[in-house]
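Trainee: Please see the structure below; I have some questions.
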Amino acid sequence: MFEDTILEAGQGEEPDFLPIISVTDEEEPSRDEKYPEVLPIIALKNTVLFPGVVIPINVGRSKSLKALRESFQKHRYIGVLAQKDQKDEDPVLEDLFHVGTVARIIKLLSMPDGSTTAILQGRKRFALGEMMSNDPYLMGKVEPIEYNHFDDKVKFSALIKSIREKSRRIIELSPNIPTESIMMIKNISNNIFLINFIASNLNIDVPSKQEILSDNDLVNKGSAVLQHMDQELQLLEIKDQIESKTRSDIEKQQRDYFLNQQLKTIQEELGDSGQGMDIEELIKRAEKKKWPKYAREAFEKEVTRLKRINPQMAEYSLTLNYVEFLLDLPWDKLTRDSFDLEKVKEVLDKDHHGLEKVKDRILEHLAVLKLKGDMKAPILCLVGPPGVGKTSLGRSISRALKRKFVRMSFGGLHDESEIRGHRKTYIGAMPGRILQSIKKAKTSNPVFILDEIDKIGKDFRGDPSSALLEVLDPEQNDTFYDNYLELEYNLSRVLFIATANSMSTIQPALRDRMEVINITGYSTEEKVEIAIKHLVPKQREAHGLKGYGVRLSRAVIEHAITYYTRESGVRTLDRTIAAIMRNVAKRVAMEKVKNFTVKVEHLRDMLGPEKFQKDLYHEASIPGVAVGLAWTAVGGDILFVETSRNEGKGKLTLTGNLGDVMKESATTALSFLKANSNELNIPADKFEKTDFHLHVPEGAIPKDGPSAGITMLTALTSSLTGRKVKPHLAMSGEITLRGKVLPVGGIKEKVLAARRAGLKEIILCADNQKHVEEIKKEYLDGLKFHYVKEMRQVLDIALEDG
């Protein structure tokens, strides 16, 4: 390949022995050019001077400097030989090649640093005859050398043409040679000088150049030059092909790869290898980690792969993320449970009012753990209406047990991979949210809330509820398999607590794996206690009133519950108390008062008109009206069932926005009366001549369920017999055609609703007695219960004597 720099004459300050183009392209001296037979000799260390070529040399040896100066003063000619060993500082005859070039000294320049630069032009080849002197500088007899005569001029012309073409191609492919050099070579008319010029600029060693200089056969000389040019051209063409292909294929990722490779090389040169440091740090963390043997083996296997992967490949980041996830999982790391059962009970009671079943279940689990030392955690499912504290209870349990708390919402979840994770071979693959949450908790036994488990979706992406079967099965979750982790993980020590508003949307297999605990809505009395103990202090602090004497009496809270909220939980009550506190804060800020007592009469100004009316019992003055008890999503309610009759053909009309089950109950009641008319002293023909109309007020509200059966039967019987229903009496129960009374649900809410409405007696199925016994006795004060099994007992108790 050509030397990187081609200098013009006069640039002597450039580095040693860089050939430059000749001022003239003459190979032979002109006719009037004469030089002595004995000339001073200088030795060149790392180049060969060819006839016609001009080079600058920095003169460092004193002998050479003396020879140049003396020749410059006399005749300006000097003999130039290349030395065999560049390290030799004082060469003699044996250290020099015997063929060299007579040079004309064009100029001697004194440089600013004190050195001397000589500009030499090669004129004629010579052979050193004998060395005449070694001191003060080398003197030798020079014998001019002529080229051999040749007859095949066509071959020589073809050779020259090839040299010109290859030199043009080399200049085009070489990024370091200016393209103007093509024109310069084209302008060289002397073929012998062309060979010498190209040979001088070839990037080959000194012996190879000396061999070309010494050859007297111009065809051989040209062939040798052409051979070296071929080698350089092949290298340049291969390099150009590689670069061309790389440029055509390269995209942003490959570009980043090359840049990062360069950056990596720089870092390695600086002793900073980021990749190696990352892997070493991971290995150190693994040595300190407590985890199962199979997890350690998987880690070591992946780290071995990681070391072989190029950091810029996509697989590297996937493998690195997987290895880091393996390390981040807590595996056998556990938090120590608090076995002070009294303290745990105290914390649970302090945070939540009521919910005794859940609290007892947690205490039972802790008691077994305390005695046995190890036990699979139960999987609880808290079912109840919104706002009763299901989710917050989980946080309270974690605080009581001194475990970490994790919550995962399932509302609207459709993708199965959210539970099990993705295959790690995919770009952007992630573990499932179960293991992500475990990793976040940094312990393998947190309290894990599966919130809104009844609202899981199902579509073409999979069925997440089916994926949960493994998570929530105590017999399987000790070997839970995540698609991303591809290893078994023990979830049996996690205390899973699921929450739901309804069990109807949970698939049976999943429902069967959970221990269901029903949480009923709060009564007014319970809401008052919750407000006094929790909500009022919380909102007082949240509104900056902690240091002020703001008081809310029980009467104010009960009034707010009755007339401004209608819910099973306490969320709306919490917002209502917050509205009261905001109003009080405004008064305190504007009136500069420190004490303020909220009274019932203030509520209308603070909260606006009353939103709901209290369900009060109104004594019926006519037969055909009975009071039933109903369960709603926001608690219990009383229900008036009104009947009327008129002449007709036995038609039964039902109004009040009743559901199918409720309509069937009314039909069943009328059929029972027809079948038992003699026993009830009702003339049989009365049914054929009378149309019945049964109505349940508040027609805008949908109503359904079997629990109004005995109420409808009592109202119809009262209308037919003319006997009034006893005052202050309510009832709830399902009926059959045989006159049997069956149990119903929602007893607690119904009983509390009856008490709020001012009723004094309640008729229930005998099988519901156990449910009544679960209600706190203070909520049953003033109530009398009648437990029945047959409809005739209901009529005997409910109807006044005719």
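The values are calculated or read from the model by the stated rules, or taken from the named source; none is laboratory data. Treat the numbers as computed from the prediction; the structure is a model and nothing was measured. Methodologically, a virtual Cβ is constructed for each residue, glycine included, from the backbone with ideal geometry; neighbour enumeration extends over all protein chains shown. All accessible areas refer to the heavy atoms of the entire protein, side chains included, with ligands and DNA or RNA removed. Shrake-Rupley method; radii C 1.70, N 1.55, O 1.52, S 1.80 Å.
Trainee: Ranked highest first by the average count of other Cβ atoms within 10 Å around their residues, in what order do 678-690, 742-754 fall?
Mentor: Listed from highest to lowest mean packing, they are 742-754, 678-690.
Trainee: When the convex hull of the Cα atoms of segment 346-431 is projected onto a plane and the area is averaged over all directions, what value comes out in nm²?
Mentor: So the Cα hull casts an average projection of 8.1 nm².
Trainee: Also, quick follow-up: Which of the trypsin sites (Lys or Arg not before Pro) found in segment 416-513 are in a DSSP loop and have at most 15 neighbouring Cβ atoms, other than their own, within 10 Å?
Mentor: Sparse-neighbourhood loop trypsin sites (Lys or Arg not before Pro): 423, 442, 458, 461.
Trainee: Oh, and also: What translational diffusion coefficient, in µm²/s and rounded to a whole number, does the Stokes-Einstein relation yield for segment 557-596 at 10 °C and a viscosity of 1.306 mPa s, taking the hydrodynamic radius as the Kirkwood radius over Cα pairs?
Mentor: 142 µm²/s
Trainee: Stokes-Einstein D for segment 619-777 at 37 °C, 0.692 mPa s, Kirkwood Rh over Cα pairs, in µm²/s?
Mentor: The estimated diffusion coefficient comes to 207 µm²/s.
Trainee: Set the bar at 20 Å for Cα to Cα. Now go through 527/776; 357/527; 404/424; 527/750 and name every pair that lies beyond it.
Mentor: Result: 404/424 exceed 20 Å.
Trainee: How many times 2.2 N^0.38 Å is the alpha carbon radius of gyration of the chain?
Mentor: The reported ratio for this selection is 1.91.
Trainee: Please report, in debye to the nearest 20, how large the charge dipole of the chain is about its Cα centre when each Lys and Arg carries +1 at its beta carbon and each Asp and Glu carries -1 there.
Mentor: Rounded to the nearest 20 debye, it is 4580 debye.
Trainee: Grab the other residues whose beta carbon is less than 14 angstrom from that of residue 678, score K and R as +1, D and E as -1, and report the net.
Mentor: +1
Trainee: While we're looking at this one, here's another question. Tally Lys/Arg at +1 and Asp/Glu at -1 over every other residue whose Cβ is under 13 Å from the Cβ of residue 128; what's the total?
Mentor: -3
Trainee: Apply the Debye scattering formula to segment 392-526, with a single equal point scatterer on each alpha-carbon and no solvent, then give log10 I(q)/I(0) at q = 0.21 Å⁻¹.
Mentor: Treating every Cα as an identical point scatterer, log10 I(q)/I(0) equals -1.41.
Trainee: Using the per-residue mean of other Cβ atoms lying within 10 Å as a proxy for protection, in what order, highest first, do the peptides 183-192, 202-211 fall?
Mentor: The packing order, highest mean first, is 202-211, 183-192.
Trainee: Between residue 395 and residue 336, with labels modelled 7 Å along Cα→Cβ, what's the label distance in nm to one decimal, could you check?
Mentor: Calculated label separation equals 2.7 nm.
Trainee: Taking the Cα centroid of segment 673-729 and of segment 347-368, what is the distance between the two, rounded to the nearest whole Å?
Mentor: 46 Å
Trainee: Given 10 °C and 1.306 mPa s, how large is the Stokes-Einstein diffusion coefficient of segment 120-265 in µm²/s, with Rh as the Kirkwood radius over Cα pairs?
Mentor: 85 µm²/s
Trainee: Given all pairs of different Cα atoms, what value in angstroms does the Kirkwood hydrodynamic radius of segment 645-698 take?
Mentor: Hydrodynamic radius (Kirkwood, Cα only) of segment 645-698 equals 11.9 Å.
Trainee: Related question: Averaging sequence separations of C-alpha pairs under 8 Å and six or more residues apart, then dividing by the length of the chain, give the relative contact order as a whole percent.
Mentor: 7 percent
Trainee: What would the Debye equation give as log₁₀ I(q)/I(0) for segment 299-355 at q = 0.13, 0.24 Å⁻¹, counting only Cα atoms as equal point scatterers?
Mentor: Here the Debye-derived log intensity ratios amount to -0.55, -0.93.
Trainee: Can you compute the helix-only [θ] at 222 nm over the chain? Use -39500 (n - 2.57) per DSSP H run of at least 4 residues, normalise by all residues, nearest 500 deg cm²/dmol.
Mentor: Calculated at 222 nm, the ellipticity per residue is -12500 deg cm²/dmol.
Trainee: About the Cα centre, and with charges only on the beta carbon of Lys, Arg (+1) and Asp, Glu (-1), how big is the dipole of segment 680-760? Nearest 20 debye, please.
Mentor: That gives a dipole near 500 debye.
Trainee: Can you give the Kirkwood hydrodynamic radius for segment 30-144, in Å, rounded to one decimal and based on Cα pairs?
Mentor: Its Kirkwood hydrodynamic radius stands at 14.0 Å.
Trainee: At what distance in nm do the modelled label points of residue 172 and residue 305 sit from each other, each positioned 7 Å from its Cα along Cα→Cβ?
Mentor: 4.9 nm
Trainee: Too long at a 19 Å Cα-Cα cut-off: which of 288/442; 293/402; 370/442; 290/439?
Mentor: From the list (288/442; 293/402; 370/442; 290/439), the Cα-Cα distance tops 19 Å for 293/402; 370/442.
Trainee: How big is segment 702-784 by the Kirkwood estimate over distinct Cα pairs, in Å?
Mentor: Mean inverse Cα-Cα distance, inverted, gives 13.6 Å.
Trainee: Continuing with this model, one more query. Taking 0.36 nm per residue of separation and subtracting the Cα-Cα distance, what length does fully extending residue 589 through residue 183 add?
Mentor: Extending this stretch completely gives an extra 136.8 nm.
Trainee: How big is the antiparallel share of DSSP beta bridges in the chain, given as a percent to the nearest 5?
Mentor: Bridges in the chain that DSSP calls antiparallel: roughly 55 percent.
Trainee: Restricting everything to alpha-carbon atoms, can you work out Rg to Rh for segment 289-396 with a Kirkwood hydrodynamic radius?
Mentor: Value, to two decimals: 1.20.
Trainee: Separate question: If you build the Cα gyration tensor of segment 489-564 and take the root of 5 times each eigenvalue, what three semi-axes come out, in whole angstrom, biggest first?
Mentor: Each semi-axis is the square root of five times an eigenvalue, giving 38, 19, 9 Å.
Trainee: Please calculate the 1.4 Å probe accessible area of residue 376, with all protein chains present, and give it to the nearest 10 Å².
Mentor: 80 Å²
Trainee: Determine the equivalent ellipsoid of segment 572-703 by diagonalising the alpha-carbon gyration tensor, then write out the semi-axes as square roots of 5 times the eigenvalues, largest first, rounded to whole Å.
Mentor: 51, 14, 12
Trainee: Quick one: go through segment 205-235 and flag any residue whose amide nitrogen is under 18 Å from the point 7 Å out along the Cα-to-Cβ line of residue 154.
Mentor: Zone members listed by number: 219.
Trainee: Can you give the Rg to Rh ratio of segment 94-204, both from alpha-carbon atoms, with Rh computed by the Kirkwood formula?
Mentor: Radius of gyration relative to Kirkwood radius: 1.05.
Trainee: Would you calculate the convex hull of the Cα atoms in segment 456-504 and tell me its volume per residue in Å³?
Mentor: 95 Å³
Trainee: A further question on this structure: If you take every DSSP beta bridge fully contained in segment 516-651, what fraction is antiparallel? Give it as a percent rounded to 5.
Mentor: Within segment 516-651, antiparallel bridges account for around 65 percent of the total.
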